[in-house]
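> I have a structure here, written as structure tokens, and I will follow up with some questions on it.
Just so it is clear, none of the values below were taken in a lab; they were calculated from the coordinates. These numbers come from a predicted model, not from an experiment. Cβ atoms come from the backbone with ideal geometry, glycine included; neighbour counts cover every protein chain shown.
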Amino acid sequence: MESAVSVRKKNGLRVLFVDDEKNIADMMRSELPRMGHTATVVESPGEALAAAAENVFDAAIIDLRMPGGSGWDVIDYLREHSPETDCVISTGHGDRDDAIRAIRMGAYDFLPKPTSLFEIGTVLDRIGAKKSLQNRATALEGRLQRAEGRSDLVGASEPMQRVQKLIDRIAPTDSAVLILGETGTGKEMVARRIHEQSDRSNEAFVAVNCGAIPENLVESEFFGHRKGAFTGADANRTGLFEVANGGTLFLDELGELDKSMQVKLLRFLESGEIRRVGDNSPFHVDVRIVCATNRELRNMVDDGRFREDLFFRINTFEIYLPPLRERTDDIPALSRHLLARHLKRSDVPQSLLPAATLGMLQAHTWPGNVRELANVLEHAAILSDGSAIRPDDLPRSLQRYAGAAPAAADNADAQSSEMPVVVGAAPRTLREMEEEMILAVLDKHDGDKPTAAKELGIALKTLYNRLNQIDERRKAG
């Protein structure tokens, strides 16, 4: 059995080609890679079955009648063990009965010999386009499931203008990007904007929270697995790298990856190759990697918790997304945008957010950033009378963080469209604000950690880590 590997193009496939004619097999060993596919070419059913037992293929082109066996045996095996493999029948002995049988067995196409390279290339292109649409549909489904609680990239402040200028410069390239910022600042929105402004915008954008996947399943989630690769692997699984082929893979909370997965990610960035769990042979995918974290990766490198070589690989370009407290000028427009989304409208009138309310929103320190603002506005919209959101409609926790606005502010909207920012309590460190936010949300949900983690927008494992750190600091203090 021989393999020919090429750099995989968009919609490039892993192809199993089975034909007992040596001249045809030799030609396909060179022509399939030239078409942009990863090819495994064999000359007997036995070799084909051995190859199918070791690797997962996107497509198989199979001669039906060969010495020592039948192509139908290969088709039967693929149908049972790799149903996602599209089978194409190629035979010089084919007749109407063969064609009917092939269709009934789920064959993708039937090519009578002699078959031209153009015909083979065309059918593989169609299979590739079909699989690309399937991957995009899978990615879209994931995007829709994660859509609740997110906002678009909104803001005209100077910090956000700097972010947008960086996106404009970086997006057209294929370079790796590292997005830095606190939890809830909208790092996924930046990643999505990079994708939408790139040449990959018509392909899949796949987002994954590295901290939300159990450690024992991360490799399978990323790279997929073969049926039977481990206990519970009851079927072949397509990994997120394959789903994102041709598009962009966004790895959020990158700092949560353990060292073994850091090695595998580095290997992909260096070679472009991945390997399903249980497979023997790697294959290429064309994926742009965008990463994000709210952790100090440089400190993690110094502590030996993050690989230095991986850090330099992912940090070709770095985008810092400022916290909401550093761009309070964006709060009025951002608040109206979030309310419009919550109310399922294209826009909301400025009167819905009187100056007194905006003043309180701009005075708050927002340790939970845009995600916290979205939750506060949803709370207030439910309590309001529908005509305007008043300061009294805002949650009490806002008073706890920002300090109460002056009582005279209640009438400010009748006199002016602007209100000065109210200075709250004495300045606190970011760590103190984060601690207050975590404990307040945990208290709000009566200690229910999974629910608190969901509202905070962090993985449950991350919440436990933060609580342990808080406990350690209090014991030390």
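> Relative to the present Cα-Cα distance, how much length would full extension add between residue 449 and residue 101 at 0.36 nm per residue of separation?
Taking 0.36 nm per residue and subtracting the Cα distance, the gain is 119.7 nm.
> I need the Debye-formula profile for the chain: one equal scatterer per C-alpha, no solvent, reported as log10 I(q)/I(0) at q = 0.06, 0.09 1/Å, two decimals.
Computed log10 I(q)/I(0) values: -0.37, -0.71.
> Compute the acute angle (0 to 90°) between the alpha-carbon long axis of helix 460-476 and the principal axis of greatest extent of the alpha-carbon atoms of the chain; round to the nearest 10°.
Tilt relative to the chain: about 40 degrees.
> First measure r as the distance between the Cβ atoms of residue 30 and residue 350, then evaluate 1/(1 + (r/R0)^6) with R0 = 51 Å and state the FRET efficiency to the nearest 0.05.
Computed FRET efficiency for residue 30 and residue 350 comes out at 0.15.
> Quick check for me: using +1 on Lys/Arg Cβ and -1 on Asp/Glu Cβ, what's the dipole size of the chain about its Cα centre, in debye to the nearest 20?
With Lys and Arg at +1 and Asp and Glu at -1, about 560 debye.
> Now, a different point. To the nearest 10 degrees, how steep is helix 71-81 against the longest Cα principal axis of the chain, on a 0 to 90 scale?
20 degrees
> Between region 54-116 and region 151-226, what's the alpha-carbon centroid distance in Å?
So the separation of the two Cα centres works out to 41 Å.
> At R0 = 35 Å, how high is the FRET efficiency between residue 264 and residue 302 if r is their beta carbon distance? Nearest 0.05 is fine.
Given R0 = 35 Å and the Cβ-Cβ separation, E is 0.95.
> Explain nothing, just the number: relative contact order of the chain, from Cα pairs under 8 Å at least 6 residues apart, as a whole percent.
Normalised by residue count, the contact order of the chain is 13 percent.
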